[in-house]
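Okay, so here's the structure we're looking at.
The values are calculated or read from the model by the stated rules, or taken from the named source; none is laboratory data. Quick caveat: nothing in here was measured; it's all calculated off a predicted structure.
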Amino acid sequence: MPLHAQYLTRNKHKNGKIKKTSNRSPVTMADRPVPVVEKRLMDVKLGELGTWLGGRDFTPNGIIQAIRRGHDRYYNKYINVKKGGIGGVAMLLAGYVAISYLWEYDHIKHDRWRKYH
């Protein structure tokens, strides 16, 4: 039996008419405001950025925990998957090449403009 047919038979009224029901309850968890400090960076508005940054933990232990969480998220999203490909490792290598280029840019630029005659 298709899912919509199960829904209709489950919600039939005594006289055979289908009663309209809502899946949302009047008060849900989403209706409560979330403090700015507990929001993710992508959910923070530009005006709330200062408050959000003020609530971050910038101690050495907090920075290490943030790096560990970022590593765990990256590993679980790109590396530790059932049908993985070269994408996650290629992204890591591309990032390494870009950062290495930025670190050595001043030296590369200096060599480029040097005259050898």
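Summary table
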| quantity | calculated |
| --- | --- |
| Looking only at the stretch 96-117, and only at residues there that are of a type in the set (Asp, Glu) and assigned to a helix (DSSP H, G or I), the one that is modelled with the highest pLDDT | Asp106 |
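Residue by residue, here is whether (1) among the small types (Gly, Ala, Ser); (2) modelled with pLDDT of 70 or more holds:
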site	(1), (2)
Lys19	no, no
Ile63	no, yes
Gly70	yes, yes
Arg73	no, yes
Ile79	no, yes
Ala94	yes, yes
